[in-house]
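**Q** Sharing a structure here in structure tokens format.
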There are 2 protein chains.
Amino acid sequence: AARGMSRLPVVPVISSGYIHASAEKALSMLGIGHEVVRVLSSDAVGRIDLSALEAALVALKGEPAIVIATAGEVNAGGFDPIAAMVELAHRHHAWLHVDGAFGLFARVSPATADLAAGVELADSVIADGHKWLNVPYDCGFAFCRDARLLNAVFGMNAPYFPPTEAEHPDFLYLAPEMSRRARSLAVWATLAAYGRNGYRAMVERHVALAKRLAGQLRTSSDFELLAEPRLNVVCFRYRPEGVPQDELDQLNRRLGQAIIADGTVYFGTTVYAGKVAFRPAIANWRTTERDVDLILGVVRRLAEGLRSQA
Amino acid sequence: AARGMSRLPVVPVISSGYIHASAEKALSMLGIGHEVVRVLSSDAVGRIDLSALEAALVALKGEPAIVIATAGEVNAGGFDPIAAMVELAHRHHAWLHVDGAFGLFARVSPATADLAAGVELADSVIADGHKWLNVPYDCGFAFCRDARLLNAVFGMNAPYFPPTEAEHPDFLYLAPEMSRRARSLAVWATLAAYGRNGYRAMVERHVALAKRLAGQLRTSSDFELLAEPRLNVVCFRYRPEGVPQDELDQLNRRLGQAIIADGTVYFGTTVYAGKVAFRPAIANWRTTERDVDLILGVVRRLAEGLRSQA
């Protein structure tokens, strides 16, 4: 922080194909650069190749490195095997960061907690309150195991600031911002209102809704479920009989635009294992079975409209 | 952004002693480091030494460098000679950044616009809406002359994002954040309500209030005005007869704590040209002569309380 990254060796950063674009953006901003990221996937979906990770860490011979594990990958809610990655990273003196923007909330239910097992051993973890915690944007959390390190980057001195060595560290010295909007009020209020059990119930209800939608997709001949939902994201595409494989991507992309324009349900498209697909993420406390049960009918209706135009 | 700062030469950063701690913090976070900053002051207050700046830029022989000019320095509202610094920086191929968190607002009144003359030639400028624009924290603005450069740092690609090459660039690719809270609504509302003339009137009123307080200080034998106010910050200390010079810092520091505890008026202490001092900044639209006229009486009353205890 004092002397910057100049003249230092490149910082090795390793992740699975689950890495989120915002992690790359953060690396760009921090002067590490996003081109240094080595993505070690074992398949087209992006699953980590643990042997390749181990080989890469061994090859570094104990030099500093950053390993990024993802809890709740953005396309289909996939999870990296965090515990195994932490174990490898720490054995080879690397920093293990968990991007748990969505997936950290898996920990509130015993039914899904295993997905993010090992997160408690990470060196740093981020999560978003403005997603599953249902508080307004922007409300991210960053946890750092060794809080003293934060002061090296974010600490500062000025004659009109309180001392940095105070018994209770000032948030001024723990994050980029120097002042604070009262974001914590909304967080406190919702935690006070719902608590651990309330959030457990909400997460379990959303996971059940995702499974319900997955079940509907599995029994529909005109849809393809692309990944078994791990949490609250359902990744699928429209695949009616009679449409050639090489036209499915374009059809689903146009359908995605029609869904947004129609507005009855709302979700965007992505590319999952090379296929253009939809990825509804169920996170709003008001979402019910009735909402989820609308989805396939709406997509079918819009698809018929598109196909009759063609 | 792609390859980071690693293995690159150190980035030279030059400023006056007016540099704000947040600029150093930003340099720490960006991987440039804050130790690289060369402060070229010509006096204890921090005024830029233009000859030293020129010599430093000449010595760089056209290598990339960043020059930071401050508009509205935090202790006494001082201004760097922006036009002269821009001219020097650009002649030597350096980037000229203006920290105008407070001072950019000097431009709305012809009476103070000259203080920030040349700001329109800068390569980048920041200002805070949550100060003189009277909108809630956090609402900063960053202006960059060549907007295409922003995409190199903040641009990103993901299958579920809109294209980066769209005709109207998405804010997603222009700043650190990926989504946006509706901060702009408050900014739009206040600009629509007051407009250029409304803000001109507000700035002129606040500058007049600062000069009024300075006048009261100049005619009070127990206070010392430490800098002629340039804008809305008045830097002064309590200096009653009979208190030795070497006790004034401690007296003013204790007095600062008493002012905060008392709560009738609110301002913190700083260190200006080596002296512990107060720095009320007048920026709230509701502040009137009545509020400003309270200040010296309150400080005197609290000082008498402290001295009678001693």
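Read-outs throughout are calculated quantities, based only on the coordinates presented, and are distinct from any laboratory measurement. Fair warning: this is a prediction, and the values are worked out from it, not measured in the lab. As a convention, Cβ positions derive from the backbone with ideal geometry for all residues, glycine included, and neighbour counts pool all protein chains shown.
**Q** As a check on your grasp of the helix formula, calculate [θ] at 222 nm for the protein assembly as shown: sum -39500 (n - 2.57) over DSSP H runs of n ≥ 4, divide by the residue count, round to the nearest 500.
**A** My calculation for the protein assembly as shown gives -12000 deg cm²/dmol from helical runs alone.
**Q** First select every other residue whose beta carbon is under 11 angstrom from the beta carbon of residue A:18; then total the charges, Lys and Arg +1, Asp and Glu -1.
**A** Here the charged neighbours net out to -2.
**Q** Ok, one more. Using Cβ counts within 10 Å as a stand-in for footprinting exposure, how do A:70, B:190, A:269 rank, fewest first?
**A** Final ranking by Cβ density, sparse to dense: B:190, A:269, A:70.
**Q** Return A:248, B:53 ranked ascending by Cβ neighbour count within 10 Å, so the fewest neighbours appear first.
**A** Least to most surrounded, the residues fall as A:248, B:53.
**Q** In the P(r) worked out for the stretch A:96-172, what percent of Cα pairs fall beyond 21 Å?
**A** Pairs farther apart than 21 Å: 44 percent.
**Q** Give the relative contact order (percent, whole number) for the stretch B:177-310; include only Cα pairs under 8 Å separated by 6+ residues.
**A** Relative contact order, the stretch B:177-310: 21 percent.
**Q** How far apart, in nm, are the 7 Å Cα→Cβ label points at residue B:197 and residue B:49?
**A** Taking the two extended label points, one gets 4.8 nm.
**Q** Using the Cα centre as the reference, give the magnitude of the dipole from point charges on the C-beta atoms of the stretch B:195-244 (Lys, Arg: +1; Asp, Glu: -1; all else neutral), rounded to the nearest 20 debye.
**A** My answer is approximately 340 debye.
**Q** Whose Cβ in chain B comes nearest the axis that rotates B onto A, and by how many Å?
**A** Of all Cβ atoms in chain B, the one nearest the axis gives B:31, 1.
**Q** About the Cα centre of the protein assembly as shown, what is the dipole size in debye to 20, counting +1 per Lys and Arg Cβ and -1 per Asp and Glu Cβ, all else neutral?
**A** Value, rounded to 20: 980 debye.
**Q** On to the next question. What would the Debye formula give as log10 I(q)/I(0) at q = 0.12 Å⁻¹ for the alpha-carbon point model of the stretch A:196-309, no solvent?
**A** Results for the stretch A:196-309 at q = 0.12 Å⁻¹ read -0.41.
**Q** Quick check on the exposure proxy: order A:285, B:132 from fewest to most C-beta atoms within 10 angstrom.
**A** A:285, B:132
**Q** Where in chain A lies the longest segment free of trypsin sites (Lys or Arg not before Pro) that are both loop residues by DSSP (not H, G, I, E, B) and have at most 10 other Cβ atoms within 10 Å?
**A** A:62-285
**Q** Let me ask another. What is chain B's relative contact order, in percent, from Cα pairs under 8 angstrom and six or more apart in sequence?
**A** Rounded, it is 13 percent for chain B.
**Q** Between the label point of residue A:309 and that of the same position in each other copy, find the distances and list them shortest first in nm, with every label point placed 7 Å from Cα along the Cα-to-C-beta direction.
**A** Shortest to longest, the spacings are 7.6 nm.
**Q** Could you work out the relative contact order of the stretch A:98-231? I mean the mean sequence separation of Cα pairs under 8 Å and 6+ apart, divided by the number of residues, in percent.
**A** 21 percent.
**Q** Along Cα-to-Cβ, 7 Å out, sits the label point; list in nm, shortest first, how far the one on residue A:114 is from those in the other copies.
**A** Distances between equivalent label points, in nm: 7.7.
**Q** Okay, moving on. Where nothing but the Cβ of Lys and Arg (+1) and of Asp and Glu (-1) is charged, how large is the charge dipole of chain B around its Cα centre, in debye to the nearest 20?
**A** So the magnitude is around 500 debye.
**Q** Which of A:146, A:49, A:249 moves the most in a Gaussian network model of chain A with Cα springs under 10 Å?
**A** A:146
**Q** Could you compute the FRET efficiency for residue A:149 and residue B:222, with r as their C-beta to C-beta distance and R0 at 41 Å, rounded to 0.05?
**A** It comes to 0.30.
**Q** Taking a quarter of the surface of the convex hull around the Cα atoms of the stretch B:13-145, what do you get in nm²?
**A** Orientation-averaged projected area of the Cα hull: 8.1 nm².
**Q** From the label point of residue A:205, set 7 Å from Cα along Cα→Cβ, how far away are the matching label points in the other copies, in nm, ordered shortest to longest?
**A** From this label point to the equivalent ones elsewhere in the assembly: 4.9 nm.
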